[in-house]
Every structure is written in C-alpha cells, then in structure tokens.
Amino acid sequence: MDNTSQTPNKEKGILFEDCSEDTLKSGILTLTNKKLTFEKTKGRIATLSKELLDEKIVFEFKDISQARAEGRIIKKLVIELRNSDKIYKFGVLNPSNWVKEIELQIKQWNKDNQ
C-alpha cells in the first residue's frame, strides 16, 4: 500500500485509498508528506467507473490535533482538527496503519519546519 511518488515540489505520496467518510460519503483519501486530502467521488455502477467531483478537503498537518482508529467491529480512521469541533471518520481498510503513517508524517513535518 506504500505507493510513493515524487513531485517537483518534493511532495511525496505515502498512502491513498478509495474510501468513504460518514457524512461526506465516497471519495479518495490521500496522505502525502505535507498534508492529508479527501476528494469526493461519484460512482456509476452501470459502467463501474468513478468521477472526481470538485469537492476537496485539505487537512494541513498543523490543523490536525489527533488521528486515531476507533470502533470494535468496524474500525474507522478518525481525524480531529484543532480549533474546530469537526471530526471526520473515514472507512479505510487498515485504520491503524493510516494512524501510524499520519503520526509519522506529522512528526517529520514538524521536525522539518522548526
């Protein structure tokens, strides 16, 4: 699942997954070494295709107060934001791995930006 790619501005893709968020519904969650992004998608069952919508939420590392896995039977990745009561719950395949990678990238980002 470590699909790394390098872009000219040194932003590197770490993880990405087709998932759903409890209120936003389906989309693609992407973790890079600079941010976490959720892009909404709309799927068509008849053609088995998806299209990206213009809705995109960018979670800057400085804005993330906590990332954790939550749930007993169905685990979800939970993202809490600083200075906000918003909580996002993503249904990804391995929430614990996402939490570990997000914490690792935030730690590295903090180290690089001091």
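Every read-out reported here was derived from the displayed coordinates using simple, explicitly stated rules and does not represent laboratory data. Note that the coordinates shown come from a computational prediction; the quantities given were computed from them, not determined experimentally. Every residue, glycine among them, receives a Cβ derived from its backbone with ideal geometry; neighbour counts consider all protein chains shown.
Of note:
- In this simple spin-label approximation, I74 and K111 carry label points 7 Å from Cα along the Cα→Cβ vector, and these lie 3.7 nm apart.
- Applying a threshold of 19 Å to the alpha-carbon distances of K35/K107; K25/K100; K10/K34; K34/K111; K35/K89 flags K25/K100 as lying beyond it.
- Model label sites at D63 and L24, defined 7 Å from Cα along the beta-carbon direction, differ in position by 1.0 nm.
- Take the Cα of K10, step 7 Å toward its Cβ, do the same at K100, and the gap between the two points is 2.7 nm.
- Radius, Kirkwood style, for the range 13-112 when every pair of distinct Cα atoms is counted (Å): 14.0
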